[in-house]
1. Within segment 122-162, restricting attention to residues that are under 24 Å from Thr37 (Cα atoms) and of a type in the set (Lys, Arg), which residue is surrounded by the fewest Cβ atoms within 10 Å (Cβ to Cβ)?
2. Would you mention how many residues in segment 27-64 are within 15 Å of the chain's Cα centre (by Cα) and assigned to a loop (DSSP other than H, G, I, E, B)?
3. Give the residue that is surrounded by the most Cβ atoms within 10 Å (Cβ to Cβ), with candidates limited to residues of segment 72-119 that are of a type in the set (S, T, N, Q) and part of a strand (DSSP E or B).
4. Considering segment 29-49 alone, what residues qualify as being surrounded by fewer than 19 Cβ atoms within 10 Å (Cβ to Cβ) and either under 22 Å from Gln125 (Cα atoms) or without any contact (Cβ under 8 Å) to a residue 12 or more places away in the chain (or both)?
5. Mind telling me which of the residues His67, His142 ends up being without any contact (Cβ under 8 Å) to a residue 60 or more places away in the chain and either out of contact with any strand residue (DSSP E or B) (no Cβ under 6 Å at 6 or more places or on another chain) or assigned to a loop (DSSP other than H, G, I, E, B) (or both)?
6. Pick from segment 125-139 the residues that are aliphatic (A, V, I, L, M) and outside any strand (DSSP E or B): which of them is nearest to the chain's Cα centre (by Cα)?
7. Identify the residue in segment 58-71 that is over 17 Å from Gln125 (Cβ atoms) and among the hydrophobic types (A, V, I, L, M, F, W, C) and, among all such residues, is surrounded by the most Cβ atoms within 10 Å (Cβ to Cβ).
8. Right, Leu112: without any contact (Cβ under 8 Å) to a residue 40 or more places away in the chain, of a type outside the set (Gly, Ala, Ser), in contact with a His (Cβ under 8 Å, 6 or more places away or on another chain) and more than 16 Å from Leu159 (Cβ to Cβ) or not?
Amino acid sequence: MKAIRLLVILGYAGFVIGWWMGLRIVTTPSVPRGLYTTHGLRSVGELERGAFVCVRALSDYAPKALHDVVIENDLPVTWIKEVAGLPGDLVTHATGPDRLEVNGNGLAYSSLLSTDSQGRTLPVQSFPTRLAPGEVWLSSRHERGYDSRYFGPVDMRALNCIAEPLWIL
C-alpha cells in the first residue's frame with residue numbers, strides 16, 4: 001500500500017514539474033497526439049504556417065465563439081492549434097471539393113460542417129476573409145476539429161506559446 005501511495009505522489013509530482021517546465025500531453029486529434037514542449041511567444045516574427053501554438057480561449061483577445069464553447073462545455077482553457085494563415089493572407093471557401101484555401105492552397109480537413117458531433121449548430125464564418133495585421137487563421141488536423149472555420153481569425157494576443165512536438169504517438 002505504501003508503494004502505491006509513493007508511486008501516486010511521484011507521478012503527480014512528475015506531472016506538476018513537467019507542466020511547470022512547459023511539457024504538454026496532447027490526446028485530442030486536432031494536432032498530432034503526443035508530448036510537446038512549449039515556450040513563450042516572444043514575437044510575431046516567430047510565427048509561421050505549420051507552427052503549433054497555444055491559444056488562451058478565455059483571453060480578452062480570443063474570438064467570442066471560442067470563448068463561449070469553452071464556457072458552455074467546461075473545456076480546457078488553453079488549446080494547441082496549427083497556424084494555417086498569417087496577416088495579409090486570404091482565406092476562401094472552395095466548393096469543389098468543399099474545403100478552405102489560404103492564398104489558393106487547400107487546407108486538409110477543412111470542410112465546413114453545420115453541426116458538431118453532438119448535433120449542436122456550429123457558427124458560420126463569412127468568406128473570403130483577408131487576415132488583418134495581428135491576426136492568424138488556426139486549423140485542426142481533424143475533420144471535426146473546432147478551429148478558425150468556426151470561430152474566425154484569432155488576434156495574436158490570444159496566443160501565449162509555441163508548441164513543438166517532442167514525441168508523436
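1. Result: Arg157.
2. So the answer is 19.
3. Thr78
4. Passing the criteria: Arg42, Ser43, Gly45, Arg49.
5. Exactly one residue qualifies, and that residue is His67.
6. Leu131
7. Val70
8. Yes.
Since every read-out is calculated from the coordinates, none of them should be taken as a lab result. Predicted model only: the values in this text are computed from it and were never measured. Using ideal geometry, Cβ is built from the backbone for each residue, glycine included, and neighbour counts are taken over all protein chains shown.
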